[in-house]
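I have placed the structure first, in the form of structure tokens, so that the comments after it can refer back to it.
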Amino acid sequence: MSFLPKKISRVFLDGRVEERTAFFLNERRLLIKVNGNPWASIVCSDGNLVDLVAGCLLSFGVIEKKDQIVSIEICPQKIAASVVLSKEVDCFSSLQKQESCCPKNKFLEMDDERIPLKKIAKSGFEEKWIFALAKKFAEDGDLHRKTSGTHRCILARNGEAVFEAEDIGRHTAMDKVLGWMLLNDIPASQASIFTSGRVPLDMVEKVVRAGVGVLITKSVPTSQSVQFAKEHGLKLFFRAWPDSYEKV
């Protein structure tokens, strides 16, 4: 289950105490094995775990096509994922690489094996679509509405929302929509992503590596993210609300 109820006390300035039930997110550590070897250890929320694994493989540069995945299986306890790829992946004995601001997410150091980044081709994205997506985003997600504890991503195709995912982390929510895009044959050239969180450099790298040409956030990017996006042809919009957005 994605969340659990717990009894809490709410204390007010005037001394009043209100007893009520609140919902708290479940988090889990998912060990991902690729071709039988440990590859990643990720803290995440329940739900869309196959999409999460596929998205991690895509955004980290292990694969670039759906047909490179033979199978992804999640164990019944949802603590391990077994991936079979049609290509060999060099795996090392220690999980070292950490993503920014994520709770101890670790990946194998595989920089020499990663698929090189490519500059994104121009897409037919129309900026007027941002307002409709921001309005959709403002409706809030089911888990966030209950727990106030998730990040959320919306995947759009030609400006129309087709999928959304929530997770305890920004990176993992992003990987869930990228994985769904890959597994459901959505062309990256037609895709855009709306995210709830701040956008550090490694988030932009994920999107560029997946080939998606448009990233929108209700929050803000870093200076390095803006520069990286420009260099690689990514359209980056921020502080995107139903009535306004910003861009560089």
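At-a-glance table
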quantity: Residue tally, condition more than 14 Å from S59 (Cβ to Cβ), open to solvent by less than 80 Å² (accessible area, probe 1.4 Å) and either at pLDDT 90 or above or under 19 Å from the mean Cα position of the chain (by Cα) (or both), over segment 102-115; calculated: 3
quantity: Number of the exception - E88 against (1) more than 22 Å from A165 (Cβ to Cβ); (2) at pLDDT 65 or above; (3) surrounded by 14 or more Cβ atoms within 10 Å (Cβ to Cβ); (4) not β-branched (V, I, T); calculated: (3)
quantity: Qualifying residues in segment 43-63 (those that are closer than 19 Å to H151 by Cα and more than 12 Å from the chain's Cα centre (by Cα)) - the one most open to solvent (accessible area, probe 1.4 Å); calculated: V50
quantity: Any chance V162 is farther than 19 Å from D51 by Cα, open to solvent by 10 Å² or more (accessible area, probe 1.4 Å) and not acidic (D, E); calculated: no
quantity: Candidate set from segment 211-248 (those that are part of a strand (DSSP E or B) and of a type in the set (G, A, S)); member that is least open to solvent (accessible area, probe 1.4 Å); calculated: A240
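The values are calculated or read from the model by the stated rules, or taken from the named source; none is laboratory data. Just so it is clear, the structure is predicted and the values come from calculations on it, not from any experiment. Don't worry about glycine lacking a Cβ; one is built from the backbone with ideal geometry, like all the others, and counts go over all protein chains shown. The protein model used for the area step is the full one, side chains on, heavy atoms only, and it has no ligands, DNA or RNA in it. Shrake-Rupley method; radii C 1.70, N 1.55, O 1.52, S 1.80 Å.
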